[in-house]
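Notes to accompany the following structure.
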Amino acid sequence: CNSEEETIQKLLPCDFYTGFDSDNSSGDFSEANHKVAEMLDLDPHQSNRTGKHNGETEIQENGIKRHRTSLPAPMFSRSDFSVWSILKKCIGLELSKITMPIVFNEPLSFLQRITEYMEHIYLINKACSHADPLERMQAVAAFAVSAVASQWERTGKPFNPLLGETYELTREDLGFRFISEQVSHHPPISAFYSEGLNKDFIFHGSIYPKLKFWGKSIEAEPRGTITLELLKHNEAYTWTNPTCCVHNVIIGKLWLEQYGTVEIVNHSTGDKCVLNFKPCGLFGKELHRVEGYIQDKNRKKLCVIYGKWTECLWCTDPTTYETYKKNEKRGGEQKKLKPSEDVIKSENDEADDMPEVQDTVQFIPGSKLLWRINCRPPNSSQMYNFTSFAVSLNELEKGMEAILAPTDCRLRPDIRNMENGNMDVASKEKERLEEKQRAARKERAKDEVEWHTRWFHQGTNPYTGTSDWLYSGGYFDRNFSDCPDIY
């Protein structure tokens, strides 16, 4: 029999992938927020802290800022939370019409979740440094796969961004700056733009997934184009993310998979990378597997890519790969990855109530490692299963508040209070902000005033010809005088 905590976690993915709630709920359901806060007893001062949380950022000997390594307060326990207090409010309602209580969240906005694309920026740097277009495509393919890796085991959903909300991040140590904006609420659309501090790349796109509820699972179908421009090579790559599906949302242990075909196109050379994120299949044999190839403009296969989006990615030449597969079909003995071969077996390949995985990625001799997932902090399970990169995203350094846009989600009181362990205040602030957004929308409708985005505009992607949200520029000039009051 599953515990109530496990049952709550099964409900989390209703929109964990997008982080979007609806502001069309009746309001009755919001009383669950207060009940959640009453049930939770947290003292943020009792947390085990290894990083700085007082706004001061430590400077290392090399002059680079040392970002925090833990959250101010540990993840709260859901063991005393009544599942029925939630379920009884859902009867006869659409899931998308329900404003979920704060117990379902993680202390990040979806705009910050998008920023996690940049965790493996070294792969973009590799692509920029390679003279060979094949090696550049290999690095870009690895970057595209790494972008979904942070979702693994993240059962809390990010906060839904308010219309006009923004998030900026400048990492001089990693060589990039990033800006995103919530440009639409219905449908929910998030636009982002990032550039290298050395003017070597531009990375931009817009995301608006479509959610489908299938009874036992929830599927998030990706919408929107992701574009990476390597300025030195005058190249542009475009792709869309795979479909994310969360299983056992009603009964059983929650588990997640990514599936579908991702096509990465180099619009300068005509090269294409086709990656197949495989569905789980019978007995879980294909769970998390990624296989694909890179071909030139004449459709000649140049290399084969294989691995798992939760572990690592390898590449080898097509002839070696085909020989290996033929030997595999004949029952030949295959070589499995070992720690000495620089691969870490995922601890989550075998779990109760989910498809068992009998093996991990099988190494093909002569393969080249393209990417490996970063190890998470030892206390990650107490921090919503955040990566080290994710832990730093909501850090508010001393003096930062004076230069941030007033719409930056670091300044959101509900997220800040949840991070600090003040669940009662966070719950009330979340409800207040959602009500303020509803009132502002009604006021605009009454006055027949249209909403105008501040940093992005709707246009056409110059490489695909499809509709896209493009960066208008000017954010880092820091003229925030006309920013909306959303908090």
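Of note:
- Count - residues of segment 280-299 that are at pLDDT below 90 and over 25 Å from Ser150 (Cβ atoms): 2
- Index of the failed condition, Ser96 passing every other in (1) open to solvent by 30 Å² or more (accessible area, probe 1.4 Å); (2) modelled with pLDDT of 95 or more: (2)
- Summed over segment 303-324, residues that are under 23 Å from Ala149 (Cβ atoms) and of a type in the set (Val, Ile, Thr) total 4.
- Among residues of segment 219-259 being of a type in the set (Ser, Thr, Tyr) and not in a loop (DSSP other than H, G, I, E, B), the one that is surrounded by the most Cβ atoms within 10 Å (Cβ to Cβ) is Tyr237.
- Being open to solvent by less than 40 Å² (accessible area, probe 1.4 Å) and farther than 21 Å from Ser150 by Cα holds for only one residue in Ser367, Ser392, and it is Ser367.
- Members of segment 438-484 that are part of a loop (DSSP other than H, G, I, E, B) and small (Gly, Ala, Ser): Gly465, Ser472, Gly473, Gly474, Ser481
- Residues in segment 260-279 that are in a loop (DSSP other than H, G, I, E, B) and at pLDDT below 95 were compared, and the one that is surrounded by the most Cβ atoms within 10 Å (Cβ to Cβ) is Lys278.
- When segment 300-313 is filtered for residues that are at pLDDT below 95 and outside any strand (DSSP E or B), the ones remaining, listed by number, are Trp309, Thr310, Glu311.
- Test: residue in segment 450-472 that is farther than 28 Å from Arg171 by Cα, among the charged types (D, E, K, R) and free of Cβ contacts under 8 Å to residues at least 12 places away in the same chain: yes
- If you go through segment 370-389 and keep only what is open to solvent by less than 50 Å² (accessible area, probe 1.4 Å), farther than 17 Å from Arg113 by Cα and in a helix (DSSP H, G or I), you end up with nothing.
- When segment 280-297 is filtered for residues that are of a type in the set (A, V, I, L, M, F, W, C) and surrounded by fewer than 16 Cβ atoms within 10 Å (Cβ to Cβ), the ones remaining, listed by number, are Leu282, Phe283.
- The lone exception for Ile179 - which of (1) farther than 24 Å from Arg478 by Cβ; (2) among the β-branched types (Val, Ile, Thr); (3) in contact with a helix residue (DSSP H, G or I) (Cβ under 6 Å, 6 or more places away or on another chain) it fails: (1)
- Filter result for Glu311 (acidic (Asp, Glu) and touching a His at 6+ places or on another chain (Cβ under 8 Å)): yes
- Residues (under 12 Å from Gln362 (Cβ atoms) and outside any helix (DSSP H, G or I)) located in segment 314-331: Trp314, Thr316
- When Leu211, Leu230 are screened for being modelled with pLDDT of 80 or more and on the phi < 0 side of the Ramachandran plot, only Leu230 passes.
- Answer residue from segment 402-422, given it is closer than 19 Å to Thr115 by Cα and open to solvent by 30 Å² or more (accessible area, probe 1.4 Å) and is farthest from the chain's Cα centre (by Cα) among those: Pro406
The values are calculated or read from the model by the stated rules, or taken from the named source; none is laboratory data. Only a predicted model underlies this, so the values are computations on that prediction, with no experimental measurement involved. All Cβ positions, even for glycine, are placed from backbone atoms using ideal geometry, and neighbour counts span all protein chains on display. To get the accessible areas, we keep the full protein, side chains included, count just its heavy atoms, and leave off ligands, DNA and RNA. Shrake-Rupley method; radii C 1.70, N 1.55, O 1.52, S 1.80 Å.
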